[in-house]
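I have placed the structure first, in the form of structure tokens, so that the comments after it can refer back to it.
The values are calculated or read from the model by the stated rules, or taken from the named source; none is laboratory data. This structure is a prediction, so every number in the text was calculated from the model and none was measured. Quick reminder, even Gly has a Cβ in these numbers, built from the backbone with ideal geometry, and neighbours come from all protein chains shown. The protein model used for the area step is the full one, side chains on, heavy atoms only, and it has no ligands, DNA or RNA in it. Shrake-Rupley method; radii C 1.70, N 1.55, O 1.52, S 1.80 Å.
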Amino acid sequence: MGLTAEEWGIVVLSLQVSLAAIVGALPVAFLLAWMLARLRFPGKILLDGLVHLPLVLPPVVIGWLLLIAFAPEGPGGRLLAVFGVSVLFRWTGAAIAAAVMALPLMVRAIRLSLEAVDPRFEQAARTLGAGRWHTFATITLPLAAPGVLAGAVLGFARSLGEFGATITFVSNIPEETRTLPLAIYAALQLPGGDSAVWRLALMAVLLSLAALVASEALTRASGNGRGGHVL
Amino acid sequence: MSFDIDVTLRRGERSIACRFTAPAGVTALVGPSGAGKSSVLEAVAGLLKPVSGRIVVGGAMLYDSAAGTNLAPEHRACGMVFQDLRLFPHRRVRDNLLYGYRLAPPERRFMGLEEAAAFLDIAPLLDRRPRTLSGGEAQRVAIGRALLSGPRFLLMDEPLTALDDARREAIIAVIERIRAELALPILLVSHDRGDVARLADQVVELRP
């Protein structure tokens, strides 16, 4: 590839940010997907809309909202200050931005996989002596697992490409918040940055394509032809 | 009395009333399709909550609308053999069989895996995936899974449909042996008068 050491650092940082984003977002996405797939409650349509908001809002708005929330006097900022932590202009903030932007895609994929689990198997488990939690752990979760994993990989791919919310929320700081898209943007601003743009763009294409292929393969494995595609 | 049932069920727009008592042995629930036979089995298993009434099996109160009793399915100790079998697709036959066995309190278990496998002639199938089984094989595995969960009674929904004649005979023999050797009360749904005449000690007719 001929990436420079600095460029490899950018790739590693991007992977690190995306991984942290997915690890943090997965439990939240799973809970939301489960609520949307299995529960009936007032305000469900509203929750569904809120979950999908990052998909349609200008990313700069999400970044600005995060900036307000995690500013020292914002609710998130106050909470983190208790632990002596700040995510402003840190890679952890980039991970939060990526997580929020990836959430709708993850919820959609996981919701599809949960809806594809036939509740008749869960009923059978109950008659065999399994309580709700045991049924969930031994029947629902394993049957939905490939779809959940596909959702996580899809979210990972989305995180790798995250730009607008990140640059608004945590700026474009080398070795801290300068992920692949932000590095490409920075290189574009420089005279003679073309070759760096080419190399970084190629890396972005390769990583994203690998994640998308993995996600689609997992979806097919989970559905055995009956599940829906997430893409 | 093994089964003492008096319930009103609602399935969609339809109301189903069912009232009978039955001694030990095999009780067949018959009636035209749409009469609500499967719904009654689901209610006894705890999968369908009745509108009102009571369900007592072997002296244990499973449901009583007057007293507000409604045991969860996992606390009813019923061995349910579904019409569509519902073998867990992600588990091998062995783990399907042991699913309820592992959850049952030891004092309720009355047979082990090897005994059940021999009883039902399914020992060679233990490492197979459910989707590779024939209809008759899957039917016997489903019965084995129910028996191994240490049930106090069996519920069987059309256990003889979708089987060829030889397999029907095999399953009928199994049900007769469960009745004779295990003395488990059985409530089964069937639409076949011939099967009912051979198997049932008592017939309950459900009208739409």
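At the residue level, A:W34 shows approximately 80 square angstrom of accessible surface with a 1.4 angstrom probe and all protein chains present. In a simple Cβ point-charge model (Lys, Arg +1; Asp, Glu -1; nothing else charged), the stretch B:54-208 has a dipole of about 460 debye relative to its Cα centre. Computed over the alpha-carbon pairs of the stretch A:5-223, the distance histogram in 5 Å steps reads 1, 7, 13, 16, 17, 15, 11, 9, 6, 3, 1, 1, 0, 0 percent, short to long.
Each residue of the stretch A:174-180 was assigned a 3J(HN,Hα) from its phi angle through the Karplus curve 6.51 cos²θ - 1.76 cosθ + 1.60 (θ = phi - 60°); the sequence is x, 6, 10, 10, 8, 7, 3 Hz, with glycine and proline shown as x. Dividing the convex hull volume of the alpha carbon atoms of the protein assembly as shown by its residue count gives 192 Å³ per residue. Normalising the average separation of contacting C-alpha pairs (under 8 angstrom, six or more residues apart) by the number of residues puts the relative contact order of chain B at 30 percent. Across every direction, the projection of the convex hull enclosing the Cα atoms of the stretch B:1-154 has a mean area of 9.9 nm². Residues of the stretch A:115-156 whose accessible area (probe 1.4 Å, heavy atoms of protein chains only) drops by at least 50 Å² once all protein chains are present, relative to their chain alone: A:R120, A:F121, A:Q123, A:R126, A:T127, A:L128. Peptides B:3-11, B:102-110 ranked from most to least packed give B:3-11, B:102-110, packing being the mean of other C-beta atoms within 10 angstrom over each peptide's residues. For B:L29, nonlocal amide neighbours, meaning residues 5 or more places apart or on other chains whose placed amide H falls under 5 Å from its own, are B:L188, B:V189, B:S190, B:V204. In terms of the mean number of neighbouring beta-carbon atoms within 10 Å, the peptides A:84-93, A:154-163 order highest first as A:154-163, A:84-93. Could I get the Rg over Rh figure for the stretch A:66-169? Both from C-alpha atoms, Rh via Kirkwood, rounded to two places. We get a ratio of 1.17 for the stretch A:66-169.
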